[in-house]
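See below for the structure under consideration.
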Amino acid sequence: MIRRLLLLSIFVVTSVVAAQETSDSPPAQGAIQIPRSGNSELSLNPLFCRAVSDTCDLLSSLLFPTLTTTNPVDGSLALANETNFALLADYDLSADGDHYIYTLREDAQWSDGTPITAYDVLFSYLAIISRATSSHYSNEITQHLQGMIPIDDSTLMVIPEDIDCDLPLYANFPVVPAHEFDEDFRNRVASHFSDNILSLDSLEDWIDQDGFAFNRIVNHPFSFDPTVTYGHYTFAGQSDRDYLRLAHVNGQQVIETVVSQRGQSGIDDVIAGDIAYYTNPPQNEWQDLRNNPHVNTITLPTNTWYYLVFNFASTVEPLSYRDNEGEIQEQDPHRILINPDVRQAIQLGIDVQAIVDDVLWGEGEVMAGYSLPHLWTHNPDLDPIGYDPDLAAELLEATGWRRLNRSSARVCIGCETTTDNSRLFLRLAYDDTSAVNQRVASHIARQLRRINIEVEISGAGFGNMQSQQFDMYLGRRNTTFPVTVEESWFFSPENDVLGTGVNIGSYNNPEVTTLYHNARTVNGCDINIRRELYYELEQQVQADLPSAWLFTPYQIVVFHESIQNVEIYPNQPIVNIHEWSVWRIE
């Protein structure tokens, strides 16, 4: 009996663009089957997938292009080239510096032979921002873009909220064929803008006057039968309560959904050969899986990192960076943590590797700074600060936080930031949405007590910390994909706003603020220049210690041994699915 191999997708895959085959790429073959939930037809409109299912995200990403894609190795922006199906070939800042000119590739055609143009991009953009739809891209796109206006078939004027070299990465979205929804769309748009100045006002006039009902595209027949596509796969049909099938253009491989007959699929099904792929099985099973001859495992970094925020400002009467009139306010310093040597001592007093070993079973990486170690912005020459309790104790003594005896908490004797005889006592709040956070906080408290810092821990949400009445806060940053490579809003004084801001520790270094601005606005957006600026930034922020840098957890991806030609990168486990081969098991 032939066992069919199932591919289990348990996460959202958005805007992943598979690479085109090259002459030395192995031919894809076999049937890659994925389980589906529900018994009705599945919409594959990529603009609305997240409201439908993860399967929609997975499959539609193989059928429709996006403006840009991401280098799978380091997370950097990837424009259109011969190895992908992205549409944006180049972008330049206008002479007046207030908008970008997007140039699209000219070799892209929908599967029916229709060229893919700027008018398809505009149609998709308008559908996303329309109040008549509920696209999951809407918030992100409106946050970064004021408008997009076609200049001709291959050129767009893009008006951003802010000038930012990463705009094409963050303001990225799938593109659908406009002519499948409105055959005359291109002609009407071209006519309107040929008679009007290219401006936001002209775009708003078009939106007001045209009257196309974008709510029609949500459940349009095309969504369930997308016969016009672009990429390695074409839509090959679907049937209620049965299957949905994509066919590889080489005719040798298909991706097919099935309704699972085994209930909730799990890692045991991968071992048995009934499921091809699984991500993030229970952590206590990882080592057994690595030793199992029937599966292959790949360990990857995640987009999650843990940090311990230090409050630089007074917790008694915290202030925002600016007052209600927009004037900068002088804030009273924190009575203990304003001293950089104390923050350095706390970092040195935390054995991060011991925490990783105990809490994560060793499945994590100690971080040197705020940049995830697999991203292009991470400085490879920057080492973690490390664990040195003896040096930590020396620093505390030198700053006037004296230990009177072996077991007592330290007291201020000439510490200069608070009154003499004050105890070195700090409250550590932790993000209480995860049991892991509580365990990490407990470890930190015990370790700091060893260097005679008295610590009390309590759980609280991030929103509670925005009142800024805390000493230290253990948080967990979960970033989406593509990863935001710079964290300026965490370190910008403009985000030091009581009640709403994310710079809850009131960190403010004008040099860092300037460096962030320069890295985002490099002339020509040369990635090598930007990389050096981000290296410098990470080094400076590590030295300033607005937070103690902790760790990023790992994840593993498990494949049955019969899946061949797999390449796996963080966040992109199906990046080369067009090259996968499935060897059936008798």
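Any read-out appearing in this document is the output of simple, stated calculations on the displayed coordinates, not a laboratory observation. Since this is a predicted model, take the numbers as computed values, not measurements. Reconstructed Cβ throughout: ideal geometry from the backbone, glycine too, with neighbour counts over all protein chains shown.
Which Cys in the chain stand alone, with every other cysteine's Cβ at 4.7 Å or more from theirs?
Among the cysteines of the chain, none has its Cβ 4.7 Å or more from every other.
Determine the gain in length on full extension of the stretch SER199-ASP390; use 0.36 nm per residue of separation and subtract their C-alpha separation, reporting nm with one decimal. Spell out each step's value before the answer.
Working: separation 191, 0.36 × 191 = 68.76 nm, distance 6.32 nm.
My answer for the length gained is 62.4 nm.
How far is helix 527-544 tilted off the main Cα axis of the chain, in degrees rounded to 10, range 0 to 90?
Between helix and principal axis, roughly 30 degrees.
Compute the angle between helix 510-520 and the longest alpha-carbon principal axis of the chain, please, reported from 0 to 90 degrees and rounded to the nearest 10.
For helix 510-520, the angle is close to 10 degrees.
Using unit Cβ charges (K, R positive; D, E negative) and no other charged atoms, how large, in debye to the nearest 20, is the dipole of the stretch 429-586 about its Cα centre?
Working: 10 positive and 19 negative charges, 78 e Å.
Once rounded to the nearest 20, the dipole reads 380 debye.
Once both labels are modelled 7 Å past Cα along the beta-carbon direction, what's the GLU363-ALA95 spacing in nm?
According to this spin-label approximation, the distance is 5.8 nm.
Rounded to the nearest 500, what is the chain's calculated 222 nm mean residue ellipticity when only DSSP H runs of at least 4 contribute -39500 (n - 2.57) each, over all residues? Mind dumping the intermediate values first?
Numbers: 17 runs with 146 residues, N = 586.
Calculated from helices alone, the mean residue ellipticity at 222 nm is -7000 deg cm²/dmol.
Quick check on the stretch 272-342: what does the Kirkwood estimate of hydrodynamic radius come out to from the alpha carbon pairs, in Å?
Details: mean 1/r = 0.0568 Å⁻¹.
Taking the inverse mean of 1/r over all distinct Cα pairs, the stretch 272-342 comes out at 17.6 Å.
If you take the beta carbon distance between GLN353 and ASN71 as r and set R0 to 35 Å, what does 1/(1 + (r/R0)^6) give as a FRET efficiency, to the nearest 0.05?
Numbers: r = 30 Å, r/R0 = 0.85.
Efficiency for this residue pair is about 0.75.
What label, among (1) 1.01; (2) 1.03; (3) 1.16, belongs to Rg/Rh (Cα atoms, Kirkwood Rh) computed from the structure on display?
So the structure-derived entry is (1).
Taking each pair of distinct Cα atoms in the stretch 65-219 once, what is the resulting Kirkwood hydrodynamic radius in Å? Walk me through the intermediate numbers first.
Values: mean 1/r = 0.0628 Å⁻¹.
One decimal place: 15.9 Å for the Kirkwood radius.
So if we plug the beta-carbon distance of SER407 and ASN518 into 1/(1 + (r/R0)^6) with R0 = 56 Å, what FRET efficiency do we get, rounded to 0.05? Mind dumping the intermediate values first?
Numbers: r = 49 Å, r/R0 = 0.88.
It comes to 0.70.
If r is the Cβ-Cβ distance from THR279 to ALA435 and R0 is 22 Å, what FRET efficiency results, to the nearest 0.05? It would help to have the intermediate numbers written out before the result.
Details: r = 21 Å, r/R0 = 0.95.
Between THR279 and ALA435 the formula returns 0.55.
If I model a spin label at GLN540 and THR227 as a point 7 Å from the Cα along the Cα→Cβ vector, what separation in nanometres do I get?
Label at GLN540, label at THR227, 5.8 nm between them.
Treat each spin label as a single point 7 Å out from the Cα along the C-beta direction, and report the ARG449 to VAL316 distance in nm.
Inter-label distance under the simple model: 2.8 nm.
Could you sort the peptides 119-126, 361-368, 550-557 by per-residue average Cβ neighbour count (10 Å cutoff), highest mean leading?
Details: 119-126: 24.1, 361-368: 18.2, 550-557: 19.9.
Going from most to least packed, we get 119-126, 550-557, 361-368.
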